[in-house]
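Here is the structure we will look at.
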Amino acid sequence: MAKDKPADNPNQWMESVQQLQQQFMNQWAQALQGLPQGAPAFAASDPMGLLKAFMPQGAMNHPVGMPTLMGSGSLADLSEVVGKAAGHPVSIDPARWLEIQNGYLKEAVDLWNQGMDAKPKGDRRFASDAWASNPVAAYSAALYLLNARTLMALAEAVEGDAKTRNRVRFAVQQWIDASAPSNFLAFNAEAQKKAIDTQGESIAKGVANLLHDLRQGHVSMTDESVFEVGKNVATTEGAVVFENELFQLIEYRPLTAKVYERPFLLVPPCINKFYILDLQPENSFIRYAVEQGHRTFVVSWRNPDQSLGHKTWDDYIEEAVIKAIGVTREITGAPQINALGFCVGGTMLGTALAVLAARGEEPVASATFLTTLLDFTDTGILDVFIDENFVRFREMQFAQGGLMPGRDLATTFSFLRPNDLVWNYVVGNYLKGETPPPFDLLYWNSDSTNLPGPYYAWYLRNMYLENNLVKPGKTTVCGQKVDFRKVRLPVYIYGSREDHIVPIGGAYASTQLLPGKKRFVMGASGHIAGVINPASKGKRSHWIGPANRFPADVNEWIAGATEHPGSWWTDWSAWLKTHAGKQIAAPKAYGKGRQYAAIEPAPGRYVKAKA
């Protein structure tokens, strides 16, 4: 199903959002240029001496991080501001505008009457005692929150189609989050108090952190020096038993005396690295699968360089996913395998299964899809970026090949949750001079991967823009017409309730698309935390609906589902065992003969290549 028609000039909207993000991220570098020589030493001797260097410039010079909203009282002026977020002129119903204005003025008067007793409420950014004990800072934060609420009310009041309204909300939220007074040392009471208490040491450390991050090219979310792939992340024992220019195939050492006769292949997303499924022994999904008695293989994607800049979606399906299925069967001698795809890895697995079905082949006995889109009708917040002009631009950009830089992809995903994944670390690292604690998941999140441009552009058009996979015979991949009606194998489909990348409705939509026996399970939390929820921890919950009942509306399914405490892993494991065949003696060696001899220990060298 095609998306809504593009705005008159959607590139203007994209440029506006990108410029806004870049403006605030570059401000730290610009601030450095104004620092005196020997800034850290200067900071130590004068704790407040660097405040001016970090003072936001230009339009951001207002003490609450954004201009007073109702200064002009003009609907036209405010419509113009919101219109910039949309990328084209927008209208707001005058009656609704008057309601918002009157509400704002009433709250502003109430806030003014509170004076220095005003307190910011309900926002963790201003929750510390430093804000409460500083009347000016507390008042500024309270006024900022009032302005933020009013801006979002204006965004909600915009008249237009769904895409326009979503774009306005997204861009306005970016503006609100970026302009918070907590993001600037000049207005951050907590950072100022720490600077005084440490006699400027926190500022010196903040400058050093900033210089470090400028050199490495991204904001540090964790202490990356603590982690090394293969040393303390991605440590499950195994060996690379096959490789080509796109991927390495890893086989893992059995941890049980017997294994199921039907091997298990995992296809992770190529947008990130596979070790999200193997962070630590206690939260490793890969190790869990091995412990359940499955002879386990994993695709480890190569981090593309310019030599792979010409690779296409077809190449990844034929030379990677289908190849991995074939090699796994050859090594094990099994006529069929079980397979799992995660995120875009699931989209590729589903595409490969459709291609194989069109060829009359059924090498996969069952498939698991974790937070996967096959039907791209509901793509959540990512839809705000997608329209004909944007996709056409990417197609022109990569017409002769090239790479979509991993850093650009990582930045896009971070700004989907800017307070949690951007400004939280800007404040902690630079304003407070803190070193973020070691966190394996955030280390993985910062370990970005490139994508071949032609692959990326084809994916955007055929999935996100035109949703062609769900149209029987519309899309040709590897010389075959894609028709999911032919993919009749049993499937286990998992979606995360708070997923902002693959909305729960998008994950659930596969139940309406795939004709075979199905089991759908919903887990708590988001795209990553919902999936990586070890059974041993007993955390969160999962929901299971009545057997073989899949109404068209996901909300109807949710209403009829039953909550179960703990991880969905145990339910999945019980399901997979019914498709795994009988148990046989575990292999004593990796691979098979000289053709598939062990090349190097897991996790291999492909996963260690940096973007």
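The values are calculated or read from the model by the stated rules, or taken from the named source; none is laboratory data. Keep in mind the model is a prediction, meaning the values are calculated, not measured. Backbone-built Cβ (ideal geometry, glycine too); neighbour counts: all protein chains shown. In case anyone asks, the SASA skips ligands and DNA or RNA and just uses the protein heavy atoms, side chains included. Shrake-Rupley method; radii C 1.70, N 1.55, O 1.52, S 1.80 Å.
Brief remarks on what is shown
- Selection from the range 301-331 of residues that are crowded, with 23+ Cβ neighbours inside 10 Å and of a type in the set (Ser, Thr, Tyr): Tyr316, Thr328
- Considering the range 221-257, the residues that are part of a loop (DSSP other than H, G, I, E, B) and β-branched (Val, Ile, Thr) include one that is farthest from the chain's Cα centre (by Cα), namely Thr256.
- Checklist (1) under 26 Å from Gly160 (Cβ atoms); (2) free of Cβ contacts under 8 Å to residues at least 24 places away in the same chain applied to Asp420, failing item: (1)
- Scanning the range 227-246 for residues that are over 30 Å from Gln595 (Cβ atoms) and exposed (fewer than 14 other Cβ atoms within 10 Å of the Cβ) returns Glu228, Lys231.
- Subset of the range 562-574 [open to solvent by 20 Å² or more (accessible area, probe 1.4 Å) and either of a type in the set (Lys, Arg) or in contact (Cβ under 8 Å) with a residue 24 or more places away in the chain (or both)]: Pro565, Thr570, Asp571
- Within the range 178-207, residues that are in contact (Cβ under 8 Å) with a residue 40 or more places away in the chain and of a type in the set (A, V, I, L, M) sit with their Cβ atoms under 6 Å from residues that are in a helix (DSSP H, G or I) and open to solvent by 30 Å² or more (accessible area, probe 1.4 Å), at 6+ positions apart or across chains, in these pairs: Ala204/Pro40; Ala204/Ala44; Val207/Pro40.
- Criterion (assigned to a loop (DSSP other than H, G, I, E, B) and either modelled with pLDDT of 95 or more or over 30 Å from Leu185 (Cβ atoms) (or both)) met by exactly one of Ala365, Ala399: Ala399
- Residue match in the range 524-536 (condition: open to solvent by 40 Å² or more (accessible area, probe 1.4 Å), in contact with a strand residue (DSSP E or B) (Cβ under 8 Å, 6 or more places away or on another chain) and farther than 16 Å from Phe285 by Cβ): no
- For the range 474-487, the criterion of being touching a helix residue (DSSP H, G or I) at 6+ places or on another chain (Cβ under 6 Å), at pLDDT below 95, surrounded by 14 or more Cβ atoms within 10 Å (Cβ to Cβ) and not in a loop (DSSP other than H, G, I, E, B) is met by no residue.
- Of the strands (runs of 3 or more DSSP E) lying entirely inside the range 530-611, the ones with 1 or more residues being within 30 Å of Gly506 (Cβ to Cβ) and of a type in the set (Phe, Trp, Tyr) are found at 541-544.
- For the range 402-441, a residue qualifies if it is part of a loop (DSSP other than H, G, I, E, B), open to solvent by less than 30 Å² (accessible area, probe 1.4 Å) and under 26 Å from Ala186 (Cα atoms), and the qualifying residues are Phe415, Gly433, Pro436.
- Residues in the range 285-333 that are outside any strand (DSSP E or B) and in contact with an Asp or Glu (Cβ under 6 Å, 6 or more places away or on another chain): Ile286 only.
- Against the criterion of being within 20 Å of Leu460 (Cα to Cα), open to solvent by less than 10 Å² (accessible area, probe 1.4 Å), touching a strand residue (DSSP E or B) at 6+ places or on another chain (Cβ under 7 Å) and not small (Gly, Ala, Ser), Val298 does not qualify.
- Summed over the range 196-219, residues that are modelled with pLDDT under 90 and among the small types (Gly, Ala, Ser) total 1.
- Filter result for the condition that a residue is in contact (Cβ under 8 Å) with a residue 12 or more places away in the chain, touching a Leu at 6+ places or on another chain (Cβ under 8 Å) and part of a loop (DSSP other than H, G, I, E, B), over Gly516, Gly506: Gly516
- Considering residues of the range 413-452 that are under 12 Å from the mean Cα position of the chain (by Cα), closer than 24 Å to Val207 by Cβ and hydrophobic (A, V, I, L, M, F, W, C) only, the residue modelled with the lowest pLDDT: Leu421
- Of all residue pairs spaced 6 or more apart or on separate chains, those with beta-carbon atoms under 7 Å, a first member in the range 129-145 that is closer than 16 Å to Ala108 by Cα and a second member that is charged (D, E, K, R) and open to solvent by less than 50 Å² (accessible area, probe 1.4 Å) are Leu145/Asp123.
- Test result for Gly380, small (Gly, Ala, Ser), surrounded by fewer than 19 Cβ atoms within 10 Å (Cβ to Cβ) and under 19 Å from the mean Cα position of the chain (by Cα): yes
- When we screen Leu340, Leu374 for residues that are touching a strand residue (DSSP E or B) at 6+ places or on another chain (Cβ under 6 Å) and buried (at least 24 other Cβ atoms within 10 Å of the Cβ), the only hit is Leu340.
- Lone qualifier among Pro269, Pro263, Pro281 - being more than 24 Å from Ala529 (Cβ to Cβ) and not β-branched (Val, Ile, Thr): Pro263
- Checking every residue in the range 442-453 against the condition of being acidic (Asp, Glu) and assigned to a loop (DSSP other than H, G, I, E, B) gives at least one match.
- Residues satisfying the stated conditions in the range 74-114, i.e. at pLDDT below 80, assigned to a helix (DSSP H, G or I) and open to solvent by less than 30 Å² (accessible area, probe 1.4 Å): Leu78, Ser79, Val82, Gly83, Ala85, Ala86
- Any hit, the range 164-182, residues being modelled with pLDDT of 90 or more and open to solvent by 70 Å² or more (accessible area, probe 1.4 Å): no
- Index of the failed condition, Glu361 passing every other in (1) buried (at least 19 other Cβ atoms within 10 Å of the Cβ); (2) farther than 20 Å from Ser496 by Cα: (1)
- Test: residue in the range 198-220 that is farther than 13 Å from Asn429 by Cβ, within 24 Å of the chain's Cα centre (by Cα) and not in a loop (DSSP other than H, G, I, E, B): yes
- Failed item in (1) under 30 Å from Thr332 (Cβ atoms); (2) surrounded by fewer than 21 Cβ atoms within 10 Å (Cβ to Cβ), with Leu214 passing the rest: (1)
- Residues that are touching a helix residue (DSSP H, G or I) at 6+ places or on another chain (Cβ under 9 Å) and over 24 Å from Leu98 (Cβ atoms) do not occur anywhere in the range 143-158.
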